[in-house]
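First comes the structure, then the notes that go with it.
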Amino acid sequence: MITLSYFPGCSLTSSSSFYDRSLRRVLAFYEVGLRELEDWSCCGAAAAPAMRQELSDVLNARNIAIAEKSGLHLLAPCSACYARTRASALKIAGDRSTRDMVNEALSPMSVKGSLEVRNIIETFLQYVGVEKIAASVAYGIGSMRVVPYYGCLLTRIMGAPSSDDVEDPSGMDVLLDALGAVVVPWQFKTECCGAGSTATDRDRTTRLSGRIMAMAKKAGANAVVTTCPLCQLNLDLTTHARGDLAGIPVLFLTEVFELALFGSTPDSKHHLISMADIEGSVEILGGDSA
Amino acid sequence: MPLPSFLDEIETRSGVTVSVCYQCCRCTNGCPVAGEMEIVPHRVIGYILSGEREKVLASTSPWKCLQCATCSLRCPNGIDVARVFETLRQISLASGFAAKNDVAHFDDLIIDSVQRHGRFAELETIMRYRLSKGQFMKDAAMGLDMLRKGRIGLSSHNIRGRKELGAIIRRMRGHRDR
Ligand code: SF4
Ligand code: SF4
């Protein structure tokens, strides 16, 4: 059994708290222990670095300092938290003046930048493994035709190398395939959903997210799967502006795990685009089903 | 002593070597919002090279950028164009060009929230934004649906270290509580 330190981030404690619960259920099943970062703070997302680079570095350094004390690898499921924390750790380790600046600001906390940061896809691939995942499937989800949607920040991290192909990532494809879903090829894996501009320019987010949902429909998918809470919400919100797209739910990767492992998820009611059809199509394995 | 050029200012502040740009346009081709930018990405870089500081900073382009980094990924010369856009935001804020910009305003409210609570309080921040804009009923149907399905964080959590963190943020923003 492995234990990770865990940085849920602001979204997973508010608008996407059901993602936090889903993730905990699935990782508990695989006996991956989670130790939530003690008194973590917001990563500052895109707002802090737009204001001042040092502010962003300090906000991230605070969480990194807390995580480093545990000596565990850190799981950050939100793409923004993951990208910011990971890039900051590398910068703090590699750049003396940044390291000195954050340590002075945060004293008596101390930070080295040695932290290993993982997203949820890396966590499944590295700490559970594809074979174990395939062997643990108890329900048939072969009627799910899914398009994996990675978004921007999971692979394109400013100042840090990516663990997956930047233009055509495949980590989530591999996991979904192991779970028994039909992975539909498409070109929009890493298109931008409109990110944090929903509050200030909803039309634009609707347009960008709407393009992605339209492409999912055209590709013949009946579900979009993502790992980022902001992407999920932006895509889910298209239901309020694009009636023509209704019907394709946007699931978190861990919810697909729940369908394949447990046959259902207790939190499906939080989806703006209903996932009832998908849930209804799950089959109990064994007997005559493949 | 002559003032440092706009190019120097950008390169020093961002750590990105902009001067190797040969205007191939790939950054603009990959940008999902180039169509709504007053000055498209490769032209922004071009104007930095030719020293058109005011033209770039007064445009809305830095604030239209989504920081999706497609441009940085595709630049054949390894120019981190997204980082340059982020730097333009910093300079534009520091020199007063962004005073009335909505994105800058919303960012400011987000950092307010982190300064007070240690975390981003969704509902409180969005309400403050809507109030400041006089948009009381904007997207009401959407808001109701989100509320009904538990997609709006109603409560805000105060971290224990918020006093210490708040003091650091206040100092870094360079002003007192407002
Ligand atoms: S892609 Fe790079 S080299 Fe080409 S125009 Fe953009 S910044 Fe210049
Ligand atoms: S980071 Fe900004 S400029 Fe670059 S492609 Fe994305 S939106 Fe366009």
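The values are calculated or read from the model by the stated rules, or taken from the named source; none is laboratory data. Remember, predicted model here, so these are calculated numbers, not experimental data. All Cβ positions, glycine included, derive from the backbone under ideal geometry; neighbour counts span all protein chains shown. Accessible surface areas use protein heavy atoms only, side chains included; no ligands, DNA or RNA. Shrake-Rupley method; radii C 1.70, N 1.55, O 1.52, S 1.80 Å.
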Applying the selection to the range B:73-94, what residues are in contact (Cβ under 8 Å) with a residue 24 or more places away in the chain, facing chain A (nearest Cβ under 7 Å) and either outside any loop (DSSP other than H, G, I, E, B) or farther than 21 Å from B:Gln23 by Cβ (or both)? B:Leu73, B:Arg83, B:Glu86, B:Arg89, B:Gln90
Just to be sure before I move on: is B:Leu66 open to solvent by 10 Å² or more (accessible area, probe 1.4 Å), within 11 Å of another protein chain (Cβ to nearest Cβ) and within 14 Å of ligand 2 (Cβ to nearest atom) in the structure I sent? yes
Please tell me if A:Leu179 is closer than 28 Å to B:Thr125 by Cα and touching a helix residue (DSSP H, G or I) at 6+ places or on another chain (Cβ under 8 Å). no
Would you please list the contacts, defined by Cβ atoms under 6 Å and residues six or more apart or on different chains, that run from a residue in the range A:106-118 that is within 18 Å of A:Leu74 (Cα to Cα) to a residue that is in a loop (DSSP other than H, G, I, E, B) and open to solvent by 20 Å² or more (accessible area, probe 1.4 Å)? A:Glu116/A:His73; A:Arg118/A:His73
Looking at the range A:19-58, which of its residues are in a helix (DSSP H, G or I), facing chain B (nearest Cβ under 7 Å), of a type outside the set (Gly, Ala, Ser) and open to solvent by less than 20 Å² (accessible area, probe 1.4 Å)? A:Pro49, A:Leu55, A:Val58
Any idea which of A:Val182, A:Val166 is among the hydrophobic types (A, V, I, L, M, F, W, C), more than 9 Å from chain B (Cβ to nearest Cβ) and in contact (Cβ under 8 Å) with a residue 24 or more places away in the chain? A:Val182
Number of the exception - B:Phe97 against (1) open to solvent by less than 60 Å² (accessible area, probe 1.4 Å); (2) touching a residue at least 24 places away in the same chain (Cβ under 8 Å): (1)
Candidate set from the range A:88-115 (those that are surrounded by 13 or more Cβ atoms within 10 Å (Cβ to Cβ) and charged (D, E, K, R)); member that is nearest to A:Lys69 (Cα to Cα): A:Lys112
Pull up the range B:1-25, narrow it to residues that are within 16 Å of the chain's Cα centre (by Cα) and within 16 Å of ligand 2 (Cβ to nearest atom), then point me to the one that is most open to solvent (accessible area, probe 1.4 Å). B:Ser14
For the structure I just gave you, tell me whether B:Gly134 is more than 8 Å from every other protein chain (Cβ to nearest Cβ) and open to solvent by 50 Å² or more (accessible area, probe 1.4 Å). no
May I ask you to verify whether B:Val56 is over 20 Å from A:Leu208 (Cβ atoms), more than 13 Å from ligand 1 (Cβ to nearest atom) and crowded, with 17+ Cβ neighbours inside 10 Å? yes
Please give the number of the condition B:Ile159 fails out of (1) at the interface with chain A (Cβ under 8 Å from one of its Cβ atoms); (2) in contact (Cβ under 8 Å) with a residue 60 or more places away in the chain. (2)
Candidate set: the range B:110-156, residues that are among the hydrophobic types (A, V, I, L, M, F, W, C) and in a loop (DSSP other than H, G, I, E, B); chosen: the one modelled with the highest pLDDT: B:Phe120
Check the range A:63-73 and report whether any residue there is more than 12 Å from chain B (Cβ to nearest Cβ), in a helix (DSSP H, G or I) and open to solvent by less than 20 Å² (accessible area, probe 1.4 Å). yes
Please find, among A:Ser97, A:Ser143, the residue that is free of Cβ contacts under 8 Å to residues at least 60 places away in the same chain and of a type in the set (S, T, N, Q). A:Ser97
Answer yes or no as to whether A:Pro161 is open to solvent by 50 Å² or more (accessible area, probe 1.4 Å) and either hydroxyl-bearing (Ser, Thr, Tyr) or more than 14 Å from A:Leu261 (Cα to Cα) (or both). yes
Since B:Ala104 meets every condition but one in (1) open to solvent by 20 Å² or more (accessible area, probe 1.4 Å); (2) within 10 Å of another protein chain (Cβ to nearest Cβ); (3) within 16 Å of ligand 2 (Cβ to nearest atom), which condition does it not meet? (1)
Of everything in the range B:8-25 that's part of a loop (DSSP other than H, G, I, E, B), in contact (Cβ under 8 Å) with a residue 60 or more places away in the chain and of a type outside the set (S, T, N, Q), which residue is nearest to ligand 1 (Cβ to nearest atom)? B:Val16
Going by the structure shown, is B:Gln115 more than 15 Å from A:Ala195 (Cβ to Cβ) and within 16 Å of ligand 2 (Cβ to nearest atom)? no
For the range B:26-46, does any single residue satisfy the condition of being near ligand 1 (Cβ under 8 Å from one of its atoms), in the same structural domain as B:Ser61 (by TED's automatic domain parsing) and hydroxyl-bearing (Ser, Thr, Tyr)? yes
Across (1) touching a Leu at 6+ places or on another chain (Cβ under 6 Å); (2) assigned to a helix (DSSP H, G or I), B:Glu164 clears everything bar (1)
Going through the range B:71-94 one residue at a time, which ones are open to solvent by less than 10 Å² (accessible area, probe 1.4 Å) and within 16 Å of ligand 1 (Cβ to nearest atom)? B:Ile79, B:Val81, B:Ala82, B:Val84, B:Phe85, B:Glu86, B:Thr87, B:Leu88
Hey, can you tell me all the residues within the range B:26-45 that are open to solvent by less than 40 Å² (accessible area, probe 1.4 Å) and in contact (Cβ under 8 Å) with a residue 40 or more places away in the chain? B:Cys27, B:Thr28, B:Gly30, B:Cys31, B:Pro41, B:Val44
